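Here is the structure we will look at.
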C-alpha cells in the first residue's frame, strides 16, 4: 500500500509538472559531475548515490560530488578505469563494471578498491574485461554480462568466475550481451546485442530463444538493451524499437506500444525500465520518460495499459534515459546519457510561480494586485495589463489596452461584493467594470485624482479610494462623492496606501510615512498611531482584518496587531526573531486555519497565533527570488494564497505546507585534510567503523562536509556543532554544510553535530565523530617516556654525583685532616730535628776543631792517627748530615733565600772536586772534573750551588764503588743571558726505570741498594734548583751508571779592573 501511494504521488507530480522541466532538478558539469555521459546510478544503505559515467565514478551526497578517477597504478584508492558501464550495490559493496578493465569492487567498510581482470593463466578469472550489465542472483552470486565473452557468474566469497558462453553453452547464439534479468524461477534472461533474447537455465545449461523472427514481430527488435522483472513476475524487454513484456508461466510475449505518445511518432529505443509502486517508468531516447500503469489478468499476465503518460525531460534528442533508480526516501534518480543526472523529488514544491518560462512573449511587469475567482485568477500589473491564470497555473489570456483595457499600468485593483472590478490607473482616475459586462467605465470623483494605491468597500457598500489628493468615498447608488483629508496639505508621506474596516465599522488608513489613522463611521478621526504611540515604523505597507476582527498591520519594521477586544491603540508588536529584511513586511493574508502569512523582503513568514511563533520560508523551500509588492495579495475559494511580485506571482496552498517537516538522516560525506605547502593538496580521510578519525600532528587543518541524505530536504536542515576539547559552545551553521577547522591543537576532540528542520526544534540525537590528533613527536608518548627516563637518569646521575661528591668531600676532609695532622707531625718532627741538629752542630763544631788539630799532630803515632782520622771522617759525615737537615728545613719552610753574588762558578766546583778527591779512599774510584779553561764571572747563589753539587757528588760517591765520578761545567747562551749546565756523571749502580719517577720524592730511598740514607738529598736538590730558577734532569742505566744534569740561570757579570782574577787568571 505504501509503495502504491508513493507511486500515485510520483505520478501526480509528473502529470502536474508535464511541460515544466524545472520540476526535475538536473546535475551537470557545473555542479561537479565529471561527465555528462551518465550510464548508471545506484543508491547505498547510507543514502549516497553512486554514478557511473564515461569519465570516472561519482559519489553524490547533500550538495556535492566526490570524483574517483583512474590512476596510473591501481592502488586501492580509486577505480582502474574511467569508462564505467554499470554499477551494482549489495552487502556494503559497490560493484563497478568497466568498459575495458574488468570488475572493480569498492568495500564501503574499508573504503578500499579491489580489482578483477582477465588472467590468461587463471581459468577462474573473468573471461573478458568488458562488462555491460550486472545483477545479483537469488543465490547471492553476481551475474555479469560482457560484450565479448557471454555471461560470467561471480562468487564474492571465493572470488571465482564461472563462464557461460558459446563455447560451453551449446545453442547460445552470440557472446555479445547488453542486459540480464532473473525471474522468480531463477531463470536467467540474456539480452543480446544482435540475437534477441535467450532464456537460460543455469543448472541444466538449457536455453530458449526469442527473436524478432521466431515471435513474428512480437519482440520488436533483436537488440535487447534492458531487461526487468516486475513484482508480478513478468519480464519487461526494452529494445531498439520499442517495449515488450513476457509472461514466464504462460510463455506469452506481447508488444507494448509507445509510439502514440513518442515525440517522433515511432516506437522509441528503450534504455531503462523500473517499477515504482504499481507504475513502470520507461526511459527512452530523446529525453523521453514514459509512466505506464499496466493491467494484469488473474494470473498476473499483462493484459493492457491502464494509463500512460509521457514526460519530456527537455534535454533534447541527443539525451537518453539510461537508468532509473529510486532511493529509499522516494526520490527518483535518472541517469541521462548526454544530460548528466536528473532527480525528481518525492516532495511537491511548496510554492509555485506564475508565469513559467516562455509562457508570455514579454516579461511580466510588476503585479500590483491579485483578483481571484472560481475558475481564474487575474494578475493586475503595472505595464502588462491584466493576465488571467487558470487553476492549474496555465495562462488563459492577457488583456491590454489593445483589447479594451483602459490602461496597461494599473496601480491597484479591487473586486466588490457585487463582483464589480475597480482599478486605479497610473494615468489617473478610477475605472470600473461591472459584473457581466466587458466594458470599462471611468468614475467621476469631482476632481482629478492620481496615484490611487488602494480601493476598499465598507459595510455600507461605499467604495473608499486612497489617492494622492486624499480619501474619496464613493456612493455607487447615489453617485455621491465625499472627500476626506488626512492632512492639509496632502503632501508626501501623508498619502494613503492601504485601507481596512474593522468590526466596529471604523476605517483604518495606512499612510506612506505618517503612520496609521483610524476614522469612525461618522468619518471622524478616532486615533492616530505612529512610532511614538505603539508602532515601530511609520510606513504602513498593508492592513488586514482576520476572521476574529483583529487588525494586522504590516510595516517596514515588523508586524503589529490590534486585538478586537482591546482599546484602539493598544497594539501588540510582533517581531520575527531573525530580524533584518524579515522585518520588512509587504503583504498580509489569513489562511483557513487562522495563520497569518506575511510576505517580506527575505521570504515568507507564517505566524501561528495559537503558538505565538513565526515560521520562516525562504529560497530553501523553493520560494522564488524577487521582492514582494506592498498590498499585492489575493485568496481564492480553495484557500490558495497569492502574492504579487516584481515579475510575476507566487501562489501556494497553505494546508500543503506542513508546520513540521519530515526528517532526514545526516552523514559526514567527506573528511578533507588540508596539506601544508604551496601545492594546497587535499587528502580524503574516512572514519572507521567506530566513527573515529586519526590524524598526525601536521593534519590539524581540515574540512568536514555534512550531507543531508534526502535530496528533497536538502537546504531545509539546519546544523549546529560543538567540538569538545576545543570549543564547548554550540556553533550555529544554518543550512551551511561545510565545517572548516584550522590549526586544531593535538589531543582527542569529539565533534557533536545536531540538526533541526527549518522552523523545527533541535534533535536530541547527535552525530558523533571522534577526532584524534597525534601530538608532535617531541610530545608523543614514546618521547614522554624517553623524557621521564632521561629525567630519572639525570636525577640518578645528580643524586649519585651528589653522594659521590659528599663521599669525596668527606674523604677529602678526612685526608685534609690527616694531611694536616701529618703536616703538623712533620712540622713537629722537623722542629725536633732542627732543634736536635742545632744541639748536635755546636758540639760537632767543637769536636771537629780539635780533631783537625790532633790529626795534624806530628808526635801522634800512626796507629792513633788512623783512629783519629776515622773519628774525624765520621764527625764530618755527621756534620754534613746535620747541615743537610738544616738546609732542607729552610727550603721546606720557604726560609731559604736566593742570594746571587758575582763569582767564579768553576772555581767553586774545582774546590768541591778537590774536596772529594781528598776524601776518596776507594782504590778503584777516580774523582775528576771537566771545567772551562777560562771561567767567566756570573751571578749565582754560591751556597745553593754548593749544596746542590755536594749532594749530587755525595750520592755519586755513595753508590759508586769503582770507575769514575766526573763533575762537568759548561755554559749556554750569549751576551747577558747565560745558563750554567752542571752534570755529575758516575759509573755506579745506576737507577732502575721504575724508580726514576720517585727519586726526587721526600724520604724516598731506592730499596735493595744496601746503602742507607735519609732520603732527603735529591728532594733537597730539586727544591734548591727551583729556587735558583733552574731544572734538574737525570738519565741512568741500571748497573752502568747515572748522570744528573742541572741547568741554572746565571747572569754574566762584566769584569771590572778592580775585580779579583778568576782561578784561571790566578798565578
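Every number here is computed from the coordinates shown, using simple stated rules; none is lab data. Fair warning: this is a prediction, and the values are worked out from it, not measured in the lab. Every residue, glycine as well, gets a Cβ built from its backbone with ideal geometry; the counts of neighbours run over all protein chains shown.
Label zone (residue 401, point 7 Å along Cα-to-C-beta; backbone nitrogen cut-off 19 Å) within segment 429-465: 429-433, 439-443, 449-452. Computing semi-axes √(5λ) of the Cα gyration tensor in Å for the structure here picks out one of [x] 100, 39, 21; [y] 53, 32, 26; [z] 125, 51, 23, namely [z].
When each of 608, 708, 633 is scored by the number of other beta-carbon atoms lying within 10 Å, the sequence from fewest to most is 608, 633, 708.
Available extension along the chain between residue 252 and residue 814 is 190.2 nm, counting 0.36 nm per residue and deducting the alpha carbon span. Cβ-Cβ distance of residue 110 and residue 479, R₀ of 56 Å, FRET efficiency by 1/(1 + (r/R0)^6): the value works out to about 0.05.
Test of understanding: ordering 943, 638, 267 by Cβ neighbours within 10 Å, fewest first, what list do you get? Don't skip to the end; give the middle numbers.
Working: 943 15, 638 11, 267 21.
Fewest-to-most Cβ neighbours within 10 Å comes out as 638, 943, 267.
Think of it as helices only: each DSSP H run of n ≥ 4 in the chain is worth -39500 (n - 2.57), and spread over all residues that comes to -5500 deg cm²/dmol at 222 nm. A full extension of the chain between residue 305 and residue 864 corresponds to an added length of 184.0 nm, given 0.36 nm per residue minus the alpha carbon distance. Using alpha-carbon positions, what is the distance between the centroids of segment 260-279 and segment 856-876, in Å? Distance between centres, Cα-based: 160 Å. By definition, a body whose alpha carbon gyration tensor gives a ≥ b ≥ c is prolate when a/c is 1.5 or more and a/b is larger than b/c, and segment 666-779 fits this prolate description.
Across the chain, Cα pairs under 8 Å and at least six residues apart give a relative contact order of 5 percent.
The calculated FRET efficiency for residue 121 paired with residue 67, based on their beta-carbon distance and R0 = 45 Å, is about 0.85. Based on Cα contacts under 8 Å between residues 6+ apart, segment 166-232 shows a relative contact order of 30 percent.
Run the numbers for residue 460 and residue 899: contour at 0.36 nm per residue of separation, minus the present Cα-Cα distance, in nm. Don't skip to the end; give the middle numbers.
Numbers: separation 439, 0.36 × 439 = 158.04 nm, distance 15.08 nm.
In short, 143.0 nm is gained.
In segment 34-89, Cα pairs under 8 Å separated by at least six residues give a relative contact order of 33 percent.
Report, for the chain, the % of DSSP beta bridges that are antiparallel, rounded to 5. Mind showing how you got there, number by number?
On the way: 269 of 279 bridges.
Around 95 percent antiparallel, to the nearest 5.
Is the C-alpha gyration tensor of segment 88-244 telling us rounded, prolate or oblate? Criteria: a/c under 1.5 is rounded; beyond that, a/b larger than b/c is prolate, otherwise oblate. Taking the square roots of the gyration eigenvalues as a ≥ b ≥ c, segment 88-244 is prolate. Projecting label points 7 angstrom from Cα along Cα→Cβ for residue 764 and residue 686 puts them 3.5 nm apart. Rounded to the nearest 10 degrees, the angle from helix 942-959 to the longest Cα principal axis of the chain is 80 degrees. The label point for residue 977 and the one for residue 448, both projected 7 Å from the Cα toward the Cβ, are 13.1 nm apart. Here the spin labels are modelled as points 7 Å beyond Cα on the Cα-Cβ line, and at residue 964 and residue 997 they lie 3.4 nm apart.
When each of 823, 907 is scored by the number of other beta-carbon atoms lying within 10 Å, the sequence from fewest to most is 823, 907. Need one word for segment 175-217: rounded, prolate or oblate. Basis is the Cα gyration tensor (sqrt eigenvalues a ≥ b ≥ c); a/c below 1.5 gives rounded, then a/b vs b/c decides. Prolate shape, in that a/c is at least 1.5 and a/b is the bigger ratio. Against the chain, whose longest principal axis is taken from its Cα atoms, helix 905-919 shows a tilt of about 60°.
Calculated FRET efficiency, residue 531 to residue 418, Cβ-Cβ distance, R0 = 35 Å: about 0.35 to the nearest 0.05. Distance from the Cα centroid of segment 570-631 to that of segment 943-1008 is 124 Å (rounded to whole angstrom).
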